[in-house]
Amino acid sequence: MANIITRNIPNSITCCNLISGCIATAYAFAGNPRMALLFIVIGAVFDFFDGMSARLLGVSSPIGKELDSLADDVTFGVAPSTMVFTLLSTLNYPASLEPFRPILPYAAFLMAAFSALRLAKFNLDERQTMGFIGLPTPANALFWGALIVGIGSYLERYDWTVFPILFMLLVSCYLLISEIPMFALKFKHWSWQGNEVKYIFLMTCIPLLGFFGLVGLAIIIAWYVVLSLIVWLLNNKKQEN
């Protein structure tokens, strides 16, 4: 009996992640982005602990891996896509785009599809043990959640903001499945040498959050992408030389 319970603990935590994503999606459709973001964060906490519990208990399984990807796509793909859908449904549109108002918001769900592609790719890619190839779905979800909660009301004031939102949506979709290496906050040792990028990133996070508040979280994710791009380009330059 105890063995059955132990074996199902990680999957139960993963299901809590999935339920959190469903609740976040419901709040997003209801036009409550703050609560949607809260449940995305709760889902991220469950996502962190399901893998950890599976490793600690030694009960990793193929079904757990598939269930984890399904839960992640709901919490970090569908939920933020729904937040963007609701935002695009409420924005002011310029006259030239007004005829497309009934259609354009559905473009937001491209992000859910690309998140699913990213998760499937991650499951099969053996290169992503100490880092990531492409933008992780939780980071993408937190970016959009923090951006919409932080400055959503500001974005609704102007009829031109639909253009940067659609542009950033397409950039997000690209980054999710890109071949750009992005560092993970995993440390083999604690010395500065070899961890310079990670320490620089961590040292800038606290000031950004303190100065910008919740929007600072979106800025941190953007900074993470930029820093990863800089490291990637520098490494490519070194290899060419």
How would you order 100-113, 201-214 from highest to lowest mean count of nearby Cβ atoms within 10 Å? 100-113, 201-214
Charge tally for neighbours of Ile133 with beta carbon under 12 Å away, counting Lys, Arg as +1 and Asp, Glu as -1, is 0
Can you name the helices of the chain, as whole DSSP H runs, whose Cα span along the helix axis is 30 Å or more and whose Kyte-Doolittle mean is not below -0.5? 2-29, 33-57, 215-240
Helix-derived [θ] at 222 nm for the chain: sum -39500 (n - 2.57) over DSSP H runs of at least 4, divide by residue count, nearest 500? -24000 deg cm²/dmol
When the expected Rg is taken as 2.2 N^0.38 Å, what fraction or multiple of it is the alpha-carbon Rg of region 153-241? 1.34
With a 1.4 Å probe and all protein chains kept in place, how do Lys121, Lys238, Lys65 rank by accessible area, largest first? Lys238, Lys65, Lys121
When you count, for each residue, the other Cβ atoms within 10 Å and take the mean per peptide, how do 76-83, 176-183 rank with the highest first? 76-83, 176-183
If the only charges are +1 at each Lys and Arg Cβ and -1 at each Asp and Glu Cβ, what is the size of the charge dipole of the chain around the Cα centre, to the nearest 20 debye? 400 debye
Within 13 Å, Cβ to Cβ, of Ala44, how many net charges do the neighbouring residues add up to if Lys/Arg are +1 and Asp/Glu are -1? -4
Quick one: pull the percent of accessible area on region 27-112 belonging to carbon and sulfur, 1.4 Å probe, ligands and nucleic acids left out. 72 percent
Whichever aspartates and glutamates have a C-alpha closer than 13 Å to that of Lys186, once near sequence neighbours (fewer than 8 apart) are set aside: Glu196
Could you list which residues have their amide H under 5 Å from that of Met182, counting only those 5 or more apart in sequence or on another chain, with H placed in the peptide plane? Phe132, Ile133, Gly134
Report which label in (i) 0.97; (ii) 1.00; (iii) 1.08 holds the value of Rg/Rh (Cα atoms, Kirkwood Rh) derived from the coordinates of this structure. (ii)
Can you tell me, using C-alpha contacts under 8 Å and at least 6 residues apart, the relative contact order of the chain as a whole percent? 20 percent
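The values are calculated or read from the model by the stated rules, or taken from the named source; none is laboratory data. It should be emphasised that the depicted structure is a prediction, and the values quoted were computed from it without experimental measurement. Using ideal geometry, Cβ is built from the backbone for each residue, glycine included, and neighbour counts are taken over all protein chains shown. These accessible areas exclude ligands, DNA and RNA; they are computed on the full protein's heavy atoms, side chains included. Shrake-Rupley method; radii C 1.70, N 1.55, O 1.52, S 1.80 Å.
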